[in-house]
Amino acid sequence: MKQNRKKARNKRHPLEKYLRMERIPHIWCPGCGIGTVINAFCTAVMELEAEGKIEQKKIAVVSGIGCSGRAAGYLRFDSFHTTHGGALPFAAGLKLANPELTVVVISGDGDIVAIGGNHLIHAARRNVDFNVICINNFIYGMTGGQVAPTTPLGARSSTTPYGNYEIPFNLPHLAASAGAVYVARWTTLHARRLKDSMKEALLKRGFCFIEAISPCPTVFIRRNRLGSGIEVMRMFAKRAVVEKNPDPNRADIDLRRDEPIICGKFVDIERPNFLDLLAQQARRS
């Protein structure tokens, strides 16, 4: 038995190359889906590296503030933990300064869509060439459980104790309307599909947006009496509907009624990105 335990301790993690193992164990709560998103991202990079399509040393990961914003600190890439809401302009600056980098923002719905919402729509409008992985747990998980721009109608938070009365954002529709060339949504139950979307986005030029719907067992689930992280994953299994080329306008989420959570790839188009247009202008000058 002791020998088996020793072997288990000495066994290398399959994604150790992409993780800062010296910082493990992480801070995320049991039942949280952020770890699943990080696993999907690392696996996507590992597979693309094996295919010779990407290099770890040419990837930069940027995050903001919040539970999801801690992701950059656990990933063994050039990583940057920025100010609240400031991840996207920081990522845009990185890409402009070094176009050879593959730049990825991994952060939460409060960081990217609330205080960082203006940066989101303009990065999409300009079609700046980087990826955004928005982990949506419907609430501000780390900073007090306040209502977020994605909190469903009727859901309770520390600032809406009797239920949210603000209409939430439909994130795929927001990103698509603002001009993103790639938009997808998956839940953390769809780990392989999430990984495959990340592989597509990492290889695509232009502004790519992936929403990953994740359980928040400590704040959102407990306050709304939804059970546990596992029970919410069962809810994802029951209500998630994967469609081919779904309409982002129909992707609203309402947890009060037994309505489907539409998942899939909403947008995959081509249009000139910001760096291309900048280079064209420079040639004209």
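The figures follow:
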quantity: Cross-link partners of LYS53 among aspartates and glutamates (Cα-Cα below 16 Å; sequence separation of 8 or more within a chain); calculated: GLU100, ASP196, GLU200
quantity: Stokes-Einstein translational diffusion, the stretch 185-285 - Kirkwood Rh over all Cα pairs, 1.567 mPa s, 4 °C, in µm²/s; calculated: 82
quantity: Gain on full stretching of the segment that runs from ALA237 to SER285 - 0.36 nm per residue minus C-alpha separation; calculated: 11.8 nm
quantity: All-pairs Cα distance distribution in the stretch 98-219, expressed in whole percent, bin size 10 Å; calculated: 14, 44, 31, 10, 1
quantity: Pairwise FRET efficiency - GLU100 versus ARG12, Cβ, R0 = 35 Å, nearest 0.05; calculated: 0.70
quantity: Amide H contacts under 5 Å for ILE135, placed H, 5+ residues apart; calculated: SER107, GLY108, ASP109, ALA212
quantity: Dmax and Rg, reported as Rg then Dmax, of the chain (C-alpha, Å); calculated: 18.8, 73
quantity: Percentage relative contact order, the stretch 132-220, counting C-alpha pairs under 8 Å, at least six apart; calculated: 35
quantity: Value of relative contact order over the stretch 29-284, rounded to a whole percent, pairs C-alpha under 8 Å and six or more apart; calculated: 20
quantity: Projected label distance in nm at GLU47 and ARG271, using a 7 Å step from Cα toward the beta-carbon; calculated: 2.9
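The numbers here are math on the coordinates, done by the rules we state, and not lab data. Remember, it's a predicted structure, so these values are computed and weren't measured experimentally. As a convention, Cβ positions derive from the backbone with ideal geometry for all residues, glycine included, and neighbour counts pool all protein chains shown.
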